[in-house]
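The values are calculated or read from the model by the stated rules, or taken from the named source; none is laboratory data. Since the structure is predicted, the reported quantities are computational estimates derived from the model, not experimental observations. With ideal geometry, Cβ positions are generated from the backbone for all residues, glycine too; neighbour counts draw on all protein chains shown.
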C-alpha cells in the first residue's frame, strides 16, 4: 500500500486507449477464430517494442519540477532589481513634496497673477462700457501693486510698460465712445430732418411734391449709415464722394422747385434748411475717420500689452519649468534605470518562457497533437499508423497504445465497409434523384421502394407509399395490368401519358416510363413519374383562347361591315334630305304660279260670261298666262334637273357599278347635292377641274369619298362663326406609286381647307376605325375610315394627308383614270404615313 504512486491525467488516458485497443484486438481475434491472449498474474502485458522505446527516458514529473525551480529563481532576481529602482524614485518623490513643490506652487501663483492681468487688459481693450473699463483698470492697478512686492526689477519694468499701454488704451477707448456718441447724434439729426422732409412733402402744396427730392434724402441717410459702419478709409472716401454728388443734385432740385413756384416760397425755404442739416451731417464721415484712427492706435497698444504680458508670463513659466525640469530629470534618470532593469528582467523571463515553451511544444504538445491528429484520422478513415518515438516515457507508451488501436480499428472497418458499399451507393442514387422513382412488384403493383420526390408528387410520405400499390394512384386502375404486361414483354415502355391521382384524391396528368428489373429476387418494375398537368392545361387553355380570338375576330369584322354600311346609308339619307329641301323651293314656286294662273282663268271666264270682256283684258290675260307658264316651266325644269342629279348620285352611291363619266360635271352634281348643308354656314366649296376629263371608274365610290371629305371638313375644320373655304383641285399626272402600271396616267384629287388643322398627335390616327374627336356629339369615327377603304380598295388608289395646326389640312388622292377590271376588296385601315408637305 505504501508503494502506490499518484495517478495523473496522462496515465488515465493511456489506460483508456490501451483498454480500447485490447478490446478491439480481442474482438478481431475472436472474429478470425483465435483465442484472446491471457494475462499474467500482475495483469500487465508489456510488449517488446514498448520496453525498448521507453527504456532510459526521463519522466514528465521530474522535468516539470526542474522547470518550476528555474522559473522561481529568475522571478526572484527580477523582483529584487526592479524594487531597488523604485526605492530611488520614492526618495525623489519625498524631496519633491518637501522642497520642490512649494517653490513650484509660488511660481504657479505668479503665473496665475500674470494671466489675470492679461484678462483685465483684454477687458479694458475690448469693452465699450466705460464703467467696466474703469473697474477693470482699478483692479489691474491693485493687482500690479501686490505683484510688484514679490518680483524682481526686470519683471517689474515689464509690468509697468504693460500698465502704461493699458492706461493709454483706456483713454483712447473713452475717445472712441465720444466719437461714436457724436456720430449717433448726427444720425439722429439726419433722421429728424428726414422726418420733417417727409411731412413737408405730404402737405397739399403741389409745387414741392417732388418725390425724387425725397428719394435722394433717403439715399443720403443710407449713405450716412454706411459711413458710420465703414471699416476702411478708402470706403469712407467713396461714400464721401457719393454724398457730395447727391448734395449737389439736391441743391439743383431745390433751385428748380423755387423757380417754378409763383406764390410764397415758405416750403422751399424749409426744404433748404433741411438740406443744410443733411449737408452738415457730412461730419459723420470725418468722425468715422477719426474713430478708425483711434481704433488703430488701440490695436497697437493692445499688441504691446499682449507682448509684454506674454513675455512676463513666459519668464515666470520658465522659472517654474526649470525647477520642475530638474526634478523631472532625476525622476526620469531613476525611471530609465528601473525601466532598463525591468526590461532586462522581462527579457530574461521571456527568454526563459520561450525556452520552456519550445521544450513543451517539442516534448509535450507535439506528441499530444500527433496522437490527436492520428485519432482524428482514424475516426474518419481507419488505417495502420506508425508514430515517431517521444522523448518522455509517458508519451512513448501512449504512442504504442495508439498504434495497436489503429490496427484493430482498421481490421474492423475493412470487414464492415465491404458490406455497406453496394447498398449505400444504390440507395444514395435513388434517394437523391430529383425525378419521382418507385419500384413496384410486377404481380400486384405493390410499391417496394419510393424516393422523396415520388412521395412529394403523390402527396404522401415514403412510409405510407410502401403500404400502397401503384394501381391505387391510377384513375383507371384496370389499365395497370396491361401496362405491366407490356413492360415485361418489351423490357421497357417509355413516355406513357395517363391520368393519375394523388393520395389526397387530386387528379393530374402524368407520364410513366418503366423498365423491368429484379429486386431482391422479385420480378419488379422500375417506374419514373413526371407531372405534365401544367402542359396539358396550357394546351387546353391555348386551344380555347384561339377559338375565342377567332370568334371575336369574326364578330368584329361583321360589326365593322355593318357600321360601314350604316355610315353609307346615313350619308345617303343626308343626301336625300338635302335634295328634298332643294326641290321644295322650285316645286312651291310652280304650285304658286299654277294657282295664280287658275285664278286668272276663272276671272277671264267670268268676264267672258258677263259679256264685259275687252280686247285689252284679253291681251293682259294672255300676257299673264305666258308669264305664269314661263315661271311654272322654269321651276319644273329646275326640279327635274335636281331629281335627275340626285337620282344619278343616289344610284351611284348605292351600287358599285363601273361606268365612264365626265369628272367635272359629275362632281358639280355631287357638290350640288351638298348645297343644302352649306347654305347659311358661311363656308363655300370651290372646284377647279379641267373640262372633258373622262374617268372609267366607280362614280358612286368617288361620290362617297368627296362627300365624306367635304362633310368632315364642315364638322371639324372650322371654328364656329368663322368663314372658311374648301378647295377641290383636280389635275392629271403620271402615276409612279399606285397599284396600276408604272407611268400610267392618273388623276390627283386635292381637297384642302383653310381651317384650324389637325394636331400632330392625331394626324396618324385619323384613318383608324372609330377614331373621332367628337364622340360626345354623336361622331362615329368611320367617315375617314370609309374614305381610306374606298380609295385604296374600290378605286385602286392611295391617299395621304398633310396638316399643320392653324394652317388647314390637305388630303391628296391619287386615282387611276381607268380602274382595274376587278377592284381589290376594301382593306382595314390603320395608321398611315403623313405626307411631309406644307398645306396650301
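Tabulated results
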quantity: Residue in segment 648-658 that is surrounded by fewer than 14 Cβ atoms within 10 Å (Cβ to Cβ), at pLDDT 65 or above and more than 60 Å from the chain's Cα centre (by Cα) present; calculated: yes
quantity: Filtered residues of segment 473-492 (kept if closer than 16 Å to residue 504 by Cβ and at pLDDT below 85); calculated: 475
quantity: Selected residue (criterion: surrounded by the most Cβ atoms within 10 Å (Cβ to Cβ)) from residues of segment 781-805 that are in a loop (DSSP other than H, G, I, E, B) and at pLDDT 85 or above; calculated: 795
quantity: Every residue from segment 363-386 that is assigned to a helix (DSSP H, G or I), more than 27 Å from residue 62 (Cβ to Cβ) and out of contact with any helix residue (DSSP H, G or I) (no Cβ under 6 Å at 6 or more places or on another chain); calculated: 373, 375, 376, 377, 379, 380
quantity: Index of the failed condition, residue 90 passing every other in (1) touching a helix residue (DSSP H, G or I) at 6+ places or on another chain (Cβ under 7 Å); (2) at pLDDT 70 or above; calculated: (1)
quantity: So residue 618, is it free of Cβ contacts under 8 Å to residues at least 40 places away in the same chain and either surrounded by 12 or more Cβ atoms within 10 Å (Cβ to Cβ) or out of contact with any strand residue (DSSP E or B) (no Cβ under 6 Å at 6 or more places or on another chain) (or both); calculated: yes
quantity: Filter pass, residue 457 being within 20 Å of residue 533 (Cβ to Cβ) and modelled with pLDDT of 85 or more; calculated: no
quantity: Lone qualifier among 416, 432, 422 - being exposed (fewer than 14 other Cβ atoms within 10 Å of the Cβ), within 53 Å of the chain's Cα centre (by Cα) and modelled with pLDDT under 85; calculated: 432
quantity: Pairs where the first residue, in segment 475-493, is in the same structural domain as residue 446 (by TED's automatic domain parsing) and within 12 Å of residue 527 (Cα to Cα) and the second is at pLDDT below 85 and exposed (fewer than 14 other Cβ atoms within 10 Å of the Cβ), C-beta under 9 Å, 6+ apart; calculated: 484/443
quantity: Residue in segment 202-221 that is at negative phi, part of a helix (DSSP H, G or I), out of contact with any helix residue (DSSP H, G or I) (no Cβ under 7 Å at 6 or more places or on another chain) and modelled with pLDDT under 80 present; calculated: yes
quantity: So residue 369, is it more than 60 Å from the chain's Cα centre (by Cα) and under 22 Å from residue 64 (Cβ atoms); calculated: no
quantity: Test for residue 402: is it under 60 Å from the mean Cα position of the chain (by Cα) and surrounded by 19 or more Cβ atoms within 10 Å (Cβ to Cβ); calculated: no
quantity: Which numbered condition residue 411 misses (of (1) in contact with a strand residue (DSSP E or B) (Cβ under 8 Å, 6 or more places away or on another chain); (2) surrounded by 13 or more Cβ atoms within 10 Å (Cβ to Cβ)); calculated: (1)
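Let's see how each residue does on (1) in contact with a helix residue (DSSP H, G or I) (Cβ under 9 Å, 6 or more places away or on another chain); (2) under 17 Å from residue 696 (Cα atoms); (3) modelled with pLDDT of 85 or more; (4) not in a loop (DSSP other than H, G, I, E, B):
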site: 738; (1), (2), (3), (4): no, yes, no, no
site: 741; (1), (2), (3), (4): no, yes, no, no
site: 772; (1), (2), (3), (4): yes, no, no, no
site: 779; (1), (2), (3), (4): yes, no, no, no
site: 810; (1), (2), (3), (4): no, no, yes, yes
site: 814; (1), (2), (3), (4): yes, yes, yes, yes
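Conditions tested, residue by residue: (1) assigned to a helix (DSSP H, G or I); (2) out of contact with any strand residue (DSSP E or B) (no Cβ under 7 Å at 6 or more places or on another chain); (3) closer than 30 Å to residue 161 by Cβ; (4) at pLDDT 75 or above.
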{"site": "277", "(1), (2), (3), (4)": "yes, yes, no, yes"}
{"site": "285", "(1), (2), (3), (4)": "yes, yes, no, yes"}
{"site": "289", "(1), (2), (3), (4)": "yes, yes, yes, yes"}
{"site": "292", "(1), (2), (3), (4)": "yes, yes, yes, yes"}
{"site": "296", "(1), (2), (3), (4)": "yes, yes, yes, yes"}
{"site": "300", "(1), (2), (3), (4)": "yes, yes, yes, yes"}
{"site": "313", "(1), (2), (3), (4)": "yes, yes, yes, no"}
